[in-house]
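For reference, the structure is listed below as structure tokens.
The values are calculated or read from the model by the stated rules, or taken from the named source; none is laboratory data. None of these values were measured; they are calculated from a predicted model. Cβ: placed from backbone, ideal geometry, glycine included. Neighbour counts: every protein chain shown.
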Amino acid sequence: MWVVKVHRLISSVAKKMSLPNWWVEAIAIEYTDCRDFATRDEIWTFNFDKVTQKSLEEAIRSYKVAMRDPIFHNVNSAVIGHRTLRNLFGGIPTPLCKDITDLIAEGPMSNYNFLFKVNSIDVWDPKLDFPSHFQVLDEGQIWQWHTRENIPNIDTGDSKYVSSKINNEIIEKIRTHLADLRNPVIKPGEKLHGGFKKKVERFYRWLDDVRRPILIDLWEVHCKNKRQCNHSKVTNIVPPLLSHFETFTVDQGTMSTMLSAAPIFFRSTIEHALEAEKLTSSTKGPMEVVDKLDKIYQERASAIVFASSCLEAFINGLYSEHFPRIWKDVERIPLTTKWKLFFELKGKGDTFEVSRQPFQTLVQLVHSRNSLVHYKNSFQKVKISNDRVITHTEETDLPREMVSNLLQRLPELIENLCLAADIMVPAWIYPHQEVGWCTSLNTNKRKLMRQ
């Protein structure tokens with residue numbers, strides 16, 4: 001999805017002048033005669049065959065400001081492509097970057113950069129709008145600055161973009177003229193097409209007259225911003241490939257990454273708990289049970305270990321963030337104690353009660369996990385329950401009910417901890433809805449983190 005078709009003239013000039021394809025295309029779109037008008041279902045059709053290499057190179061040398069969709073830097077395009085695709089279905093485990101300027105340049109940009117193209121130029125002419133950012137080529141360095149802010153409307157819950165750098169009345173005027181032209185578009189062969197085509201050409205000439213002063217003003221904005229900017233977000237390394245569990249940041253030219261282990265353990269818990277229950281439910285008779293019992297226990301043990309690891313990794317992160325001064329003192333205390341202390345430090349100690357769910361599961365989980373990990377080679381008596389002889393393994397170490405309930409209790413535990421910490425619930429606990437497990441907390445109490 002990220003293979004962008006580039007006209008041969010664009011790529012040829014970009015290679016000759018050592019510039020990104022997107023920059024050469026942006027200059028061509030803004031400053032050259034590269035369109036045919038009213039030749040199809042839209043008022044424009046890009047035709048770069050009308051542009052000579054000499055005229056395009058001259059435009060690049062003459063003009064320093066362009067306006068395109070946000071330019072991304074410091075990240076591999078394959079990572080953005082995959083994250084964007086996954087975002088359509090929800091459930092991205094971690095944010096891609098610590099700060100938006102790590103990803104979308106605000107100031108000088110790293111050498112590894114690319115256009116995040118929302119629409120193909122066959123679908124939308126970038127010149128017909130003022131995007132959220134503008135770009136500048138200044139002494140061989142490409143810069144980017146935002147042009148507008150997203151202003152929320154408290155009364156309606158909606159928001160709108162307002163620019164402090166571009167006259168908003170002009171933006172609306174362009175949109176009004178454009179709406180008149182496109183409603184409807186008169187196509188070749190239709191009545192009055194000749195007059196319509198001339199009208200479109202006049203509109204684009206007027207558009208040039210409107211945009212040129214704005215572009216000059218944006219150059220002045222750049223010069224002002226440049227004096228107050230540092231290069232801390234610029235790194236010239238080739239960005240590494242990142243999983244959905246990793247977040248990156250750039251500080252003083254150095255890139256760093258951070259792994260979030262909790263969502264890895266969470267997903268592993270769910271996979272193993274589901275598989276354990278699937279195997280258990282499908283067995284019929286002693287022969288089948290014995291045949292699958294090794295695998296069932298293996299899956300249950302994995303679910304228990306991963307679930308306790310998830311809860312420990314998540315609360316450890318909260319301690320290091322909320323209580324960094326005491327973090328070293330509580331790092332190695334038992335998990336249940338660590339949870340209880342966190343609730344008390346947050347003034348929510350009365351909500352943590354081990355005799356009720358989901359905290360009861362936390363206690364059972366820790367007990368089973370310790371029984372497995374700190375195992376002592378000792379024989380345990382079998383018991384009779386409901387006319388069945390059961391082993392200590394089945395009853396205590398790897399209990400079916402507790403493992404199957406992790407599908408519900410593990411998300412609940414995370415949600416309760418987030419409520420106590422007054423933070424948003426991470427999005428990675430919600431893809432479980434695809435496999436049919438649910439949580440019992442009131443959805444109005446949830447604060448879903450959207451990536």
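Odds and ends about this structure:
- Residue in region 232-246 that is of a type in the set (Val, Ile, Thr) and in contact with a Leu (Cβ under 9 Å, 6 or more places away or on another chain) present: no
- Once region 360-416 is narrowed to residues that are in a helix (DSSP H, G or I) and of a type in the set (Ser, Thr, Tyr), the residue that is farthest from Thr336 (Cα to Cα) is Thr393.
- Leu293 being in a helix (DSSP H, G or I) and either without any contact (Cβ under 8 Å) to a residue 24 or more places away in the chain or more than 22 Å from Pro95 (Cα to Cα) (or both): yes
- The lone exception for Glu172 - which of (1) at pLDDT 75 or above; (2) exposed (fewer than 14 other Cβ atoms within 10 Å of the Cβ); (3) of a type outside the set (S, T, N, Q); (4) not in a helix (DSSP H, G or I) it fails: (4)
- Qualifying residue in region 301-321 (condition: in a helix (DSSP H, G or I), among the acidic types (Asp, Glu) and under 33 Å from the mean Cα position of the chain (by Cα)): yes
- Scanning region 224-271 for residues that are of a type in the set (S, T, N, Q), touching an Asp or Glu at 6+ places or on another chain (Cβ under 7 Å) and surrounded by fewer than 16 Cβ atoms within 10 Å (Cβ to Cβ) returns Ser232, Thr257.
- Which numbered condition Phe352 misses (of (1) without any contact (Cβ under 8 Å) to a residue 12 or more places away in the chain; (2) surrounded by 11 or more Cβ atoms within 10 Å (Cβ to Cβ); (3) of a type outside the set (Gly, Ala, Ser)): (1)
- Yes/no for Ile166 being crowded, with 16+ Cβ neighbours inside 10 Å, of a type in the set (A, V, I, L, M, F, W, C) and modelled with pLDDT under 95: yes
- Val221 part of a helix (DSSP H, G or I) and either touching a Pro at 6+ places or on another chain (Cβ under 6 Å) or surrounded by fewer than 20 Cβ atoms within 10 Å (Cβ to Cβ) (or both): yes
- Val185 being in a loop (DSSP other than H, G, I, E, B), surrounded by 13 or more Cβ atoms within 10 Å (Cβ to Cβ) and more than 32 Å from the chain's Cα centre (by Cα): yes
- Hits in region 115-140 (condition: over 19 Å from Glu172 (Cα atoms) and at pLDDT below 95): Leu115, Phe116, Lys117, Val118, Asn119, Ser120, Ile121, Asp122, Val123, Glu139, Gly140
- Filtered residue count, region 362-397, keeping only those that are surrounded by 19 or more Cβ atoms within 10 Å (Cβ to Cβ) and hydroxyl-bearing (Ser, Thr, Tyr): 1
- In region 398-410, the residue that is farthest from the chain's Cα centre (by Cα) out of those that are crowded, with 23+ Cβ neighbours inside 10 Å and not β-branched (Val, Ile, Thr) is Leu398.
- Restricting attention to region 102-123, the residues that are among the hydroxyl-bearing types (Ser, Thr, Tyr), within 20 Å of Val136 (Cβ to Cβ) and surrounded by fewer than 19 Cβ atoms within 10 Å (Cβ to Cβ) add up to 1.
- Extreme residue, nearest to Ala276 (Cα to Cα), among residues of region 397-451 that are acidic (Asp, Glu) and at pLDDT 90 or above: Glu401
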